[in-house]
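Here is the structure we will look at, set down as structure tokens.
The values are calculated or read from the model by the stated rules, or taken from the named source; none is laboratory data. No experiment lies behind these values; they were computed from the predicted model shown. Here the Cβ positions follow ideal geometry from the backbone for every residue, glycine too, while neighbour counts run over all protein chains shown.
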Amino acid sequence: MSENSSSRKMLSLVLLAAGVAGMVVSLVMDFSGGGSPVRGPLLIIGAIAFLIGLYLFPTVEHHRGIINFIFLFPLLFTFAVTVIIPLLLGIFYSFTDWNGIKFTGFIGLTNYTTMFKDPAFIWSVLLTFLFVVFNMVLVNLVGFSLALLCTSKLKGVNFFRAAYFLPNLIGGIVLGYIWQFAFNNVLVQITAAISGHQNSVLANTKTAFMAIIVVYIWQYAGYIMLIYVTGLTTVPKDVLEASQIDGANAWTTLMKIKVPMIASTITICTFLTLTSAFKQFDVNMALTNGTGSVTDFFGSYLTNGTQMLALNIYNTAISKNNYALGQAKAVLFFIILACVSIIQVRISNKKEVEM
Amino acid sequence: MEMKKSRKIILTVIGIIVAIYTLFPFYLVVMNTFKNANSIVASPVGFEGVSFSQLMTNLSSVVNNSNFNFWYAFGTSVIITVISLVVLALFGGMAAWVICRNKTKWSTAIYMIFIASMIIPFQVVMLPLISTFRDVGNFVGISLLQSIPGIVFAYCGFGGAMTVFILTGFIKGIPYELEEAASIDGCSPEGTFFRIIFPLLTPVITTVTILNGMWIWNDYLLPSLMLGQNGKVKTLPVAVQAFVGSYVKQWDLILTAALLAIIPMVIIFLIAQKQIMNGMVEGAIK
């Protein structure tokens, strides 16, 4: 036993020392500009050796602590590198003239004032709010109605449920192109036959915006429906029976019993649709790519008639190569979403207290 | 509650109409992959011009298209999704267990940061993310951009918060006595986790795997930024986007590509319908 533990201790110390040495050597190589191809693998192998050494370290009282550290490390490390550091850098860059690779100086709030002077951006913001409001109402109404349908005692309810949910499986880019085809090639033929109208709905800003809403509802209502179905099945059967005996009709039962009893589900769905509509990007990009003319928006002519906020941020940074401005817009986007989430948490907490 | 027969019929009809509407785009895709470009434009809805040999022609011209490189993109997507899901389930489970079973200031703080980070939209981190990854990649001498390990790393970071959130809720419900008993029997903490806790997590890991899997498989923005539009490595959504960009209005090719991108998801859905629908709901409610 003691021999085993002493050899384990040796191994642990050797690994710890080798790990530290490996990491130090690779860092030295990096800072001295050696550019040796082994420094990367050396750093990683060093870190792994260090962790294994730590794991083998023969201690009873600290073993739990070491395991906690090793278990948390991978996720925290990736999380820090992909979320926390970029977030802090991003807020910082929004006050500079960053070009995606480096920045030369601080320019204060210039990015923020620039974006509010840009009518195209104001248009995108207003359009996004309009889109969010429309979707929040429509997706919830459609989803809820479909949920009522799917919880009624009809034949084929399971098929309906699956059929309504199916669009949610498809990524926004692919379904955007499928709908582009449906609008440009199928719907045009139908409208041409009925009214002789040859233009695609996507060619006009207003109808294209409605088309995005239709596609979004098509994609998202099935998902919201599923959540409502789960909510509706929690409404106790005896309460429904009691209301029926008291002579309540279907509408009264719905409004006075079902809706109040699934209030928390309604809150969840409202905020789900709200945040996801805000972040809408893929469908917007694939369906219209934000194009569409607005002849007079506070005296200026716009060409981004259907461009929503997320796509505006992307185009500002990637297509127009204005990283700092795009980043400032993204920070604003973040602040709006954070406010929405805080309101949501407030409301849900209040509800829980009431219940 | 018995419904009147007339109402039942009306509801069924409404249900069928909505189902036709939701399934119609799928019908369009499937039907038109059986046609050549001219028939698609002439009659996009009907059966005219449908032939099996045309399907084969369309499929082979898309699959063998060197710009699209279907099998390569498909394989890349499968590899990225599968590795990310395994890594997220394993590391997420480990982290959630530590957070849940240690009631210290640190674990609470880490948990709070994870929860709070879920409101961060991708747009606010995407631009610095690319530069950070470029810098880290240069630093360690391994490219994180345009590489599969880099994108798995990113998914691990972005999916971590939600995974930990859902798993923590589940682990709280596992009686702590189980772990105490294991510890008295001489089981090490890591042994307790891998032999006792982790196997118990199976149902909830199914849930997070479905949620993460749907997101990673369909995600466009992150891979398009990290891998680049015309990079060597492409996931399926990025390949479809690039392909459509270079074949504007060639609907026979575009719709066939769309069909190929949809099929894997639909097949998985048909196999695991119940789990997927339940998983999506559980993820939303928690």
Within the stretch A:86-123, how many residues are not basic (Lys, Arg) and not in a helix (DSSP H, G or I)? 16
If you check residue B:264 against the conditions, is it closer than 14 Å to residue A:172 by Cα and not aliphatic (A, V, I, L, M)? no
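Pick from the stretch A:151-168 the residues that are surrounded by fewer than 21 Cβ atoms within 10 Å (Cβ to Cβ) and part of a helix (DSSP H, G or I): which of them is nearest to the other protein chains (Cβ to nearest Cβ)?
A:163
Results for (1) within 11 Å of chain B (Cβ to nearest Cβ); (2) assigned to a strand (DSSP E or B); (3) touching a residue at least 12 places away in the same chain (Cβ under 8 Å); (4) more than 30 Å from residue A:231 (Cα to Cα), shown as yes or no for each residue.
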residue: A:272; (1), (2), (3), (4): yes, no, yes, no
residue: A:301; (1), (2), (3), (4): no, yes, no, yes
residue: A:312; (1), (2), (3), (4): yes, no, yes, yes
residue: A:318; (1), (2), (3), (4): yes, no, no, yes
residue: A:325; (1), (2), (3), (4): yes, no, yes, yes
residue: A:328; (1), (2), (3), (4): yes, no, yes, yes
residue: A:332; (1), (2), (3), (4): yes, no, yes, yes
In the same structural domain as residue B:146 (by TED's automatic domain parsing), assigned to a loop (DSSP other than H, G, I, E, B), of a type outside the set (Lys, Arg) and within 30 Å of residue B:165 (Cβ to Cβ) - does that describe any residue in the stretch B:63-82? no
Qualifying position, being part of a helix (DSSP H, G or I) and surrounded by fewer than 20 Cβ atoms within 10 Å (Cβ to Cβ), among B:113, B:119: B:113
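Listed residues B:133, B:74, B:91; which is in contact (Cβ under 8 Å) with a residue 24 or more places away in the chain, among the aromatic types (Phe, Trp, Tyr) and more than 9 Å from chain A (Cβ to nearest Cβ)?
Details: B:133 fails: more than 9 Å from chain A (Cβ to nearest Cβ); B:91 fails: more than 9 Å from chain A (Cβ to nearest Cβ).
Residue meeting the stated conditions: B:74.
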By residue number, the members of the stretch A:341-351 that are loosely packed, with under 15 Cβ neighbours inside 10 Å and either in contact (Cβ under 8 Å) with a residue 12 or more places away in the chain or not assigned by TED's automatic domain parsing to the domain that holds residue A:120 (or both) are A:347, A:348, A:351
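Taking residue B:278 as the residue in question, decide whether it is of a type outside the set (Lys, Arg), in the same structural domain as residue B:91 (by TED's automatic domain parsing) and surrounded by fewer than 18 Cβ atoms within 10 Å (Cβ to Cβ).
No, not satisfied.
Table: residues versus (1) farther than 22 Å from residue B:130 by Cβ; (2) touching a residue at least 24 places away in the same chain (Cβ under 8 Å); (3) out of contact with any helix residue (DSSP H, G or I) (no Cβ under 9 Å at 6 or more places or on another chain).
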position: A:84; (1), (2), (3): no, no, no
position: A:88; (1), (2), (3): no, no, no
position: A:96; (1), (2), (3): no, yes, no
position: A:105; (1), (2), (3): no, no, yes
position: A:124; (1), (2), (3): yes, yes, no
Do you know which residues across the stretch B:136-162 are at the interface with chain A (Cβ under 8 Å from one of its Cβ atoms) and part of a helix (DSSP H, G or I)? B:136, B:139, B:140, B:153, B:154, B:156, B:157, B:158, B:160, B:161
Taking residue A:27 as the residue in question, decide whether it is under 37 Å from the mean Cα position of the chain (by Cα), of a type in the set (A, V, I, L, M), farther than 29 Å from residue B:163 by Cα and surrounded by 13 or more Cβ atoms within 10 Å (Cβ to Cβ). yes
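Condition check ((1) in contact (Cβ under 8 Å) with a residue 60 or more places away in the chain; (2) within 13 Å of chain A (Cβ to nearest Cβ); (3) part of a helix (DSSP H, G or I); (4) touching a Cys at 6+ places or on another chain (Cβ under 8 Å)) across all residues:
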| position | (1), (2), (3), (4) |
| --- | --- |
| B:187 | no, yes, no, no |
| B:197 | yes, yes, yes, no |
| B:214 | yes, yes, yes, no |
| B:249 | no, yes, no, no |
| B:255 | yes, yes, yes, no |
| B:258 | yes, yes, yes, no |
| B:265 | no, yes, yes, no |
Taking the stretch A:239-270 on its own, how many of its residues are outside any loop (DSSP other than H, G, I, E, B), under 22 Å from residue A:141 (Cβ atoms), within 12 Å of chain B (Cβ to nearest Cβ) and without any contact (Cβ under 8 Å) to a residue 12 or more places away in the chain? 1
